[in-house]
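For reference, the structure is listed below as structure tokens.
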């Protein structure tokens, strides 16, 4: 009996030792796997940062070169923004400025240009396609009304001074500066220094353009300007993208009104929206950050989308909606209250999920899980109020605009 008991004890002890060895091996394997994942994530983030810097610098260099050519003709450089599309003739002697935010079209042309040629320039611009829609359609203008718009723009009844266009350009430059200052808060200290250098170039451009305005040379006899106001077709412009929005909203389980709201706040429904961050299209996708995140998620690809791809409304809505879904379902998945999560998603679309997490941390750590633990102890109203009290002023304005626009589209569509 004693021998049997001794043997049994040895067997049990052997299994216990084996269990410890197996547990140790399992733990070691799990730790190695976790370390490998963390290393891959760190490499991915570093690659993303390098890709973003390279892409940003190349885009800005190209923009600077283009601005230089425009400035030689006009004395200042009007270029497209997130809410304007600026289109020049091949020789830069004519300029059409479509302002999606303020529902207006402006024209500037050389006095030597014949009216039939200018009219053709306007009509060709408005008939240009963006995806399967024309520029005119993106403004809520019927194709049959293009001729009427062109006639109004070349009519003496709608004349506008050159100074008006230059003031608008100065406003655009100041908005761009504000966007860049906000964007720089999300960068490392080293990158912030580089960004400040670029902002100084914008300051120089503002000062030079203001000097041009004060000089009186802004009002040239050789340039004729005009401006036409358009009806505010807010809902009609949104509904142009109904098929794509509904498709993505259904697939990802997102509110349709939220996609429309983000689209309006980001671009005023300008499908050719661009900013020097750089970001492109209706939902202002940054190719090497959100664009790359979505490609890795959807296509297991490490390739960033091109600007041309992001100018296509179906693709842009795909990227924007998928990124919103990733914020909901991946990055902020641990937040339990749906409304609290909603507020965090909107803020993160503007400033990044790390910066939102930092708002709920005493030491500014950008840990999503720790932030979720804090958020889950608060009411949705407290989460909203904390974002509004602690976030960057740009994010405070952004969340208010998106929530207001979302309410509008819920009520009117």
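So the values come out like this:
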{"read-out": "Those helices (runs of 4 or more DSSP H) lying entirely in segment 129-216 with at least 3 residues under 27 Å from the mean Cα position of the chain (by Cα) and over 22 Å from residue 99 (Cβ atoms)", "value": "162-184, 189-215"}
{"read-out": "From the options 324, 310, residue that is at pLDDT 95 or above and in contact with a helix residue (DSSP H, G or I) (Cβ under 6 Å, 6 or more places away or on another chain)", "value": "310"}
{"read-out": "Qualifying positions in segment 136-162 - surrounded by 14 or more Cβ atoms within 10 Å (Cβ to Cβ) and touching a residue at least 60 places away in the same chain (Cβ under 8 Å)", "value": "137, 138, 139, 140, 141, 149, 152, 153, 154, 158, 160, 162"}
{"read-out": "Any chance residue 212 is buried (at least 18 other Cβ atoms within 10 Å of the Cβ) and outside the structural domain of residue 355 (by TED's automatic domain parsing)", "value": "yes"}
{"read-out": "Flag for residue 114 being more than 32 Å from the chain's Cα centre (by Cα) and farther than 21 Å from residue 69 by Cβ", "value": "yes"}
{"read-out": "Candidates 350, 308 - the one that is surrounded by 14 or more Cβ atoms within 10 Å (Cβ to Cβ) and either in contact (Cβ under 8 Å) with a residue 24 or more places away in the chain or closer than 28 Å to residue 268 by Cβ (or both)", "value": "350"}
{"read-out": "Residue match in segment 333-348 (condition: within 21 Å of the chain's Cα centre (by Cα) and closer than 16 Å to residue 186 by Cα)", "value": "yes"}
{"read-out": "Some residue of segment 246-262 being part of a loop (DSSP other than H, G, I, E, B), farther than 23 Å from residue 174 by Cβ and touching a strand residue (DSSP E or B) at 6+ places or on another chain (Cβ under 6 Å)", "value": "no"}
{"read-out": "Residue 120 loosely packed, with under 14 Cβ neighbours inside 10 Å, at pLDDT 95 or above and over 30 Å from residue 60 (Cα atoms)", "value": "yes"}
{"read-out": "Unique match (being modelled with pLDDT under 95, touching a helix residue (DSSP H, G or I) at 6+ places or on another chain (Cβ under 8 Å) and not in a helix (DSSP H, G or I)) among 226, 220", "value": "220"}
{"read-out": "Test set (1) farther than 30 Å from residue 146 by Cβ; (2) part of a loop (DSSP other than H, G, I, E, B) - residue 283 fails condition number", "value": "(1)"}
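The values are calculated or read from the model by the stated rules, or taken from the named source; none is laboratory data. A quick note: this is a predicted structure, and the numbers were derived from the prediction, not measured. Every residue, glycine as well, gets a Cβ built from its backbone with ideal geometry; the counts of neighbours run over all protein chains shown.
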